[in-house]
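To start, the structure under review is shown below, and the notes come after it.
FYI, it's all coordinate maths here, none of it is from the lab. Keep in mind the model is a prediction, meaning the values are calculated, not measured. Backbone-built Cβ (ideal geometry, glycine too); neighbour counts: all protein chains shown.
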Amino acid sequence: MAGLLLNFRNTMILSIAIAILFVVGYGVHAGFGVTFWEATVRWVHVSFGILWIGLLYYFNFVQIRKMPDIPAELKPAISKYIAPEALFWFRYAALATWVAGIVLALLRSFTKTNFFMETITLGFYGGYDRAVDISYSMIGVGMWLATIMFINVWVFIWPNQKIALGLVDADADAKAKAARLATLFSRTNTLLSLPMLTTMAMNQTLFG
């Protein structure tokens with residue numbers, strides 16, 4: 001068992017296999033209808049979301065804050081090995097989270113009429129009734145915040161991080177400017193993360 005756990009790939013393969021077994025078990029119990037697929041996509045959405053936001057918090061709680069304290073001769077270990085790997089998982093987890101979220105909203109439209117349109121219009125699709133549409137407004141805000149965060153990752157953070165880390169050719173001034181921009185957009189995502197997570201976590205419990 002220790003040998004398995006010391007191998008990251010094998011650990012994840014086993015974890016995914018057990019999780020899929022559980023997913024199939026739910027399907028056998030509840031049936032493999034639309035609600036099952038909605039639950040499955042929600043699992044995918046949450047799993048990748050944890051990876052995405054977890055890495056966002058790693059960058060902001062740990063790496064960015066502690067980089068000034070790291071001796072100059074040790075910084076290349078972070079910039080050449082750890083940061084590029086973390087950014088790979090970071091950006092593709094963001095992509096997978098966002099895509100799964102869109103698919104989930106579309107699937108919910110089968111059990112909640114016009115769910116996708118209602119959420120992306122913040123409840124104003126077909127007119128606004130506060131008693132009914134407040135739930136769409138709140139989850140819709142969360143979806144738009146997540147979309148802004150996703151765009152920030154791919155349009156601003158990753159392109160600037162490539163420059164800052166020396167993955168593309170640039171002079172010292174360009175690297176410094178890129179590092180600052182990447183940090184600003186990363187901090188923007190950190191700022192938006194808790195409001196976004198509030199809508200995602202509370203809406204499902206309070207409104208279903």
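How many percent of the alpha carbon pairs in the range 95-144 exceed a separation of 17 Å?
Result for the distance tail: 29 percent.
Could you calculate the contour length gain from residue 151 to residue 109, that is, 0.36 nm times the residue separation minus the distance between their Cα atoms, to one decimal place in nm?
Separation in residues times 0.36 nm, less the Cα-Cα distance, equals 12.7 nm.
Test of understanding: in a Gaussian network model of the chain with alpha carbons linked when under 10 Å, which of 100, 172, 17 would top the mean-square fluctuation ranking?
Looking only at 100, 172, 17, the biggest GNM fluctuation is shown by 17.
Need one number: nm distance between label points at residue 167 and residue 50, each 7 Å from Cα along Cα→Cβ, rounded to one decimal.
2.5 nm
I'd like the distance between the alpha-carbon centres of the range 126-191 and the range 1-79, rounded to an integer number of Å.
The range 126-191 and the range 1-79 have Cα centres separated by 21 Å.
To test your reading of the geometry: what angle, between 0 and 90 degrees and rounded to tens, separates the Cα axis of helix 130-151 from the longest principal axis of the chain?
Once rounded, one gets 30 degrees.
Under 15 Å between C-alpha atoms is the cut-off here; go through the chain and count lysine pairs that meet it, provided they're at least eight residues apart or on different chains.
6
Take every Cα pair under 8 Å in the chain that's 6+ residues apart, average their separations, divide by the length, and report that relative contact order as a whole percent.
Relative contact order, the chain: 19 percent.
Could you size up the charge dipole of the chain around its Cα centre, putting +1 on the beta carbon of Lys and Arg and -1 on that of Asp and Glu, and report it in debye to the nearest 20?
260 debye
Between residue 9 and residue 30, what is 0.36 nm times their sequence separation minus the Cα-Cα distance? Round to one decimal in nm.
Going from the current span to full extension adds 4.4 nm.
Just to be sure I understand the model, the point goes 7 Å from the Cα along the line to the Cβ. What's the resulting residue 89 to residue 191 distance in nm?
Taking the two extended label points, one gets 2.8 nm.
For the chain, what size does the Cα cloud have along each of its three principal axes, sorted from largest down, in whole Å?
Computed over the Cα atoms, the extents are 57, 50, 25 Å.
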